[in-house]
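**Student:** After the structure tokens below, expect a handful of questions from me.
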Amino acid sequence: MAEVFVARVAEFPDGDRRIVEHGAHNIGVFHWQGQFYAYANMCLHQGGPACEGLIMHKVEDVIGPDKTWLGQKFSDTEVNFVCPWHGYEYDIKTGECVPDRRLRLKSYKVVRRGEEIYVAV
Amino acid sequence: MVDLPLSNDRRMKVEEFDSGKMLAHAARQAKDRGYKNFPIIDIDSHHYELESFDQILEYMTDPVMKQLAQMANSGNSKGVGVMPGGVGYQDMGGRVTRYPLRRIEKGEPGVHRDVSLTRRWMDALGVDIAVLFPSPMLQLGLHPQVEAEVALAWAYNRWLCERVLQEESRIVSMLYLPFNDPEESYKMVKEFAGKKGVAGFMVTSVRYKPVHHNSYMKIYALIEELGVPLAFHAGYNWNENSMTLMNKFISVHALGFVWYNMVHMTNWVLNGIPERFPKLKVIWIESGLAWLPFMIQRLDNEYLMRSSECPGLKKLPGEYITDMFYTSQPMEIPRDMSLLEATFKCIKAETQLLYSSDYPHWDFDLPSTIYDLPFLKEKAKRDILGGTAVKLFKLNINGQKLAKVA
Ligand code: FES
């Protein structure tokens, strides 16, 4: 199993992402709230660059105790990255496709070696 | 540089945008699937005509309307007040990034921006020839001043022919008809028929004039005689009474883009227009495919009981429907693929279906949506992706691959 260099930690700020290639592997690596996550940059819809789009907090309905709809908000905890081609949203922590969690991007192991980040392919 | 507002008050700065790079995976699909071996013709794609609105207005002949439009276009609110327009969130808050980033995309120097940007995505998708349509003008049929629709249509068509279609043979169009004025539409067909890149004529479906009105018959007769297709391009109107019941763009889009074509098709078929113009080639654009089995079943069933209302018909409504042509996008991919297979059979897709991307709009389809269908043979895939269009539009490409595909 090869390890592909992604970035030095100091050059990979929290909230950012990197795209790395190794042979046939095209991988999106995210740095989010101190953790690193890596997924195949290949959308399950039409093959778009799923990892290259916006990182957006999940939109949530605000429902009152009486079941009335009070509005919408962005989640404080759930965060998705969005395929820029048509908007499929993926959970940044699991790679699951949010509207249908039976679908999931292939994930890669992220390895930290000192001050450097690698993905195992 | 653009500074995009994101969730929870975060922002993202983007320095540059190149749709060729954004579509790198599409180019990879084109290579892997061997698109270099057969033509791909895209029957529905778009540009953003307001980017060239200053140029377009130069072609407007009514001096008063021209000055009004030029002034409206001169401030920060481009085109506001001129084009009827839509509340709508096609870009999903910028999630479909090509919407907010298009403004920083650069064309090739010395080439018209529309030509440059259109060729860029065509090459990435493997598309040889694209039928290009406007975007905001899809709602121009709602303009309360008929004369404004007419003036803008003339200006746009003149500009398109001279500045875009002249410059690139791979881009063609079915020209916008200002259908709220049948006389002017007729004149427009006469004026532009046979010009370079004019592949047919197009009616935007979002409008409130019935297609079976007698005033349209001479237009249909003329287009039939010319032997080019007449297309109905779907759209939405959130101000439509029934659509105002809906609180989400997804709802308005899902129903709206089918609704107007359902209305026009019902009028078209049940008034026996296909019998009156048996050689007129009609294309229904951008309503997807799932509506068609519904229309065929619904109209056939009622017609058998109420044929006295439709004396112009010589066969079942559904049989006229399957004589007409359809573009593929946005092709619904059901969980149960046997439904899609049945739909293809029902509409005689192998001879009547034409691939369309709708690029760059938010729900565009790649050629692989057709090419990867497990139930189609290679010949059927190639016919839907291009072969049928080559015949329908009498395209003279002599087996050449025009797109730059690896
Ligand atoms: S390819 Fe990713 S949303 Fe369509």
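**Student:** Given the conditions (1) away from the ligand (no atom under 16 Å from the Cβ); (2) closer than 19 Å to A:Glu115 by Cβ; (3) surrounded by 18 or more Cβ atoms within 10 Å (Cβ to Cβ), which single one is not true for A:Arg17?
**Tutor:** Unmet for A:Arg17, out of (1) away from the ligand (no atom under 16 Å from the Cβ); (2) closer than 19 Å to A:Glu115 by Cβ; (3) surrounded by 18 or more Cβ atoms within 10 Å (Cβ to Cβ): (1).
**Student:** Something else now. Residue check, A:Met42 against (1) more than 9 Å from chain B (Cβ to nearest Cβ); (2) of a type outside the set (Phe, Trp, Tyr); (3) within 10 Å of the ligand (Cβ to nearest atom), all met but one. Which one?
**Tutor:** (1)
**Student:** Can you find a residue that is more than 13 Å from the ligand (Cβ to nearest atom), more than 12 Å from every other protein chain (Cβ to nearest Cβ), under 20 Å from B:Arg10 (Cα atoms) and charged (D, E, K, R) anywhere in the range A:57-67?
**Tutor:** Narrowing the range A:57-67 to residues more than 13 Å from the ligand (Cβ to nearest atom): A:57-67.
In the following step, the residues that additionally are more than 12 Å from every other protein chain (Cβ to nearest Cβ) were identified as A:62-67.
Applying the additional criterion that residues be under 20 Å from B:Arg10 (Cα atoms) yields none.
The answer is no; no qualifying residue exists.
**Student:** Sticking with this structure for a sec: Does the range B:1-26 hold any residues that are over 23 Å from A:Lys58 (Cβ atoms) and within 11 Å of another protein chain (Cβ to nearest Cβ), and which are they?
**Tutor:** Result: B:Phe17, B:Ser19, B:Lys21, B:Met22, B:Leu23, B:Ala24, B:His25, B:Ala26.
**Student:** Still on this structure, I have one more. Among A:Val79, A:Val111, which is the only one that is under 23 Å from A:Asp16 (Cβ atoms), more than 10 Å from the chain's Cα centre (by Cα) and away from the ligand (no atom under 11 Å from the Cβ)?
**Tutor:** Numbers: A:Val79 fails: more than 10 Å from the chain's Cα centre (by Cα).
The conditions single out A:Val111.
**Student:** Okay, moving on. Checking B:Leu353 against (1) out of contact with any strand residue (DSSP E or B) (no Cβ under 6 Å at 6 or more places or on another chain); (2) closer than 28 Å to B:Val127 by Cα, which single condition isn't satisfied?
**Tutor:** With (1) out of contact with any strand residue (DSSP E or B) (no Cβ under 6 Å at 6 or more places or on another chain); (2) closer than 28 Å to B:Val127 by Cα applied to B:Leu353, the lone miss is (1).
**Student:** When A:Thr94 is evaluated against the numbered criteria (1) over 20 Å from A:His25 (Cβ atoms); (2) part of a loop (DSSP other than H, G, I, E, B); (3) away from every other protein chain (no Cβ under 11 Å); (4) more than 16 Å from the ligand (Cβ to nearest atom), which criterion, by number, is the only one it fails?
**Tutor:** Only one criterion is unmet by A:Thr94, namely (1).
**Student:** Just the residues that are touching a Pro at 6+ places or on another chain (Cβ under 9 Å) and either of a type in the set (Gly, Ala, Ser) or in contact (Cβ under 8 Å) with a residue 40 or more places away in the chain (or both), please, taken from the range A:73-121.
**Tutor:** To start, the set of residues in the range A:73-121 that are touching a Pro at 6+ places or on another chain (Cβ under 9 Å) comprises A:83-85, A:88-89.
Passing the criteria: A:Cys83, A:Trp85, A:Tyr88.
**Student:** For the range B:380-406, enumerate the residues that are within 17 Å of the chain's Cα centre (by Cα) and not β-branched (Val, Ile, Thr).
**Tutor:** B:Leu385, B:Gly386, B:Ala389, B:Leu392, B:Phe393, listed by residue number.
**Student:** Also: Do any residues in the range B:88-100 that are within 15 Å of B:His253 (Cβ to Cβ) have Cβ atoms under 9 Å from those of residues that are buried (at least 21 other Cβ atoms within 10 Å of the Cβ) and of a type in the set (Ser, Thr, Tyr), where the two are at least six apart or on different chains, and which pairs are they?
**Tutor:** Final answer for the pair search is B:Gly88/B:Tyr236; B:Asp91/B:Thr97.
**Student:** Among the residues of the range B:24-51, which ones are over 12 Å from B:Lys404 (Cα atoms) and hydroxyl-bearing (Ser, Thr, Tyr)?
**Tutor:** Hits for the range B:24-51 are B:Ser45, B:Tyr48.
**Student:** Still on this model: Would you be able to tell me the number of residues in the range B:357-406 that are in contact with a strand residue (DSSP E or B) (Cβ under 8 Å, 6 or more places away or on another chain), outside any helix (DSSP H, G or I) and more than 14 Å from every other protein chain (Cβ to nearest Cβ)?
**Tutor:** Looking only at that region, the number is 4.
**Student:** Does the range B:205-214 include one or more residues that are touching a Ser or Thr at 6+ places or on another chain (Cβ under 9 Å) and not in a loop (DSSP other than H, G, I, E, B)?
**Tutor:** no
**Student:** Kindly provide the set of residues from the range A:27-39 that are within 14 Å of chain B (Cβ to nearest Cβ) and in contact with a helix residue (DSSP H, G or I) (Cβ under 8 Å, 6 or more places away or on another chain), ordered by number.
**Tutor:** Within the range A:27-39, A:Ile27, A:Gly28, A:Phe30 qualify.
Throughout, read-outs are computed from the coordinates displayed, never taken from laboratory work. What you see is a predicted model; the values in this text were computed from it and never measured. Positions of Cβ are generated from backbone atoms using ideal geometry, with glycine treated the same way; all protein chains shown enter the neighbour counts.
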